[in-house]
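Q: Here's a structure for you.
Please treat every number below as a calculation from the coordinates, not as lab data. What you see is a predicted model, and the numbers here were worked out from it, not measured in a lab. Here the Cβ positions follow ideal geometry from the backbone for every residue, glycine too, while neighbour counts run over all protein chains shown.
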Amino acid sequence: MARLRLIICECCDAVYARRDLAPGQTAHCRRCGAELYRNRRVDLDAMLAIALGGLIVLVIANAYPVLIMELGGTRADVTLWDAILATFDAGVGPVAVLAALSLFVLPLTQILLFLYVLLPLRVGAVPAGFVPVMHAIRHLRPWSMVEVFLVGVLVSAVKLAAESQLTPGVGLWGFAALTILLTLLTLFDLQALWDLAAERAAQEAAA
């Protein structure tokens, strides 16, 4: 007898029997209207390329200046960590810690978890701890706030432009690229990875 495939709504925990969809079709929760899953072929190569690209630009964004300020003959290269340390020294430690978490620690963790899942799946295996890692990826998605930081930098640059000469640094372009890549990662259907892992596990069991 065929195994009944179930899916749980992430928003209201309603349980449904998973049905096959037409290409491009999307299933929604009847209770809350949230998206349940889509009929979209998972492209592991594309996801790996985006995750690896995100890791590279994350390093670049944190290693290079975000803004270069020149005022009265004095030049200052401002990196993300300069701003975080300045915030901490100003007596608002919780804000500095939150900024470090949301702009570096959580995006890095999200990318590394994706790589941990994608690399074994790419070679036909299911990584150890697949279930908790996938739950962690789902919970981390809303907490990456790189785009908020990017908008804040642009607003601050507009205000400071009247008093000093500002030049965008390599780090700023890195954060812009990171915003795009993280957005692309969130567009992939995680349910497709669950289904692919189930197929890999079934193949390993049958071998």
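Q: If the elastic network links every pair of Cα atoms under 10 Å, which of A100, A128, A176 fluctuates the most in the Gaussian network model of the chain?
A: Per the Cα network of the chain with a 10 Å cutoff, A128 tops the list.
Q: Identify, among L166, C9, G124, the residue whose Cα sits farthest towards the positive end of the charge dipole of the chain, taking +1 on the Cβ of Lys and Arg and -1 on the Cβ of Asp and Glu, with the dipole about the Cα centre.
A: Checked the options; the winner is C9.
Q: Give the residue from L101, L150, I56 lying farthest towards the positive end of the charge dipole for segment 42-206; charges sit on Cβ (+1 for Lys and Arg, -1 for Asp and Glu) and the dipole is referred to the Cα centre.
A: Farthest towards the positive pole: L101.
Q: 222 nm [θ] for the chain, helices only, -39500 (n - 2.57) per DSSP H run of 4+, per residue, to 500?
A: Mean residue ellipticity, 222 nm, calculated: -18000 deg cm²/dmol.
Q: Assign unit charges at the C-beta atoms only (+1 for Lys and Arg, -1 for Asp and Glu), then state the dipole size of the chain relative to its Cα centre in Debye, rounded to the nearest 20.
A: The calculated dipole for the chain is roughly 820 debye.
Q: Let me ask another. About its Cα centre, what dipole magnitude does segment 85-197 give when the only charges are +1 on Lys and Arg Cβ and -1 on Asp and Glu Cβ, stated in debye to the nearest 20?
A: 140 debye
Q: Write down Rg/Rh for the chain, rounded to two decimals, with Rg from the C-alpha atoms and Rh from the Kirkwood relation over Cα pairs.
A: In the chain, Rg relative to Rh is 1.08.
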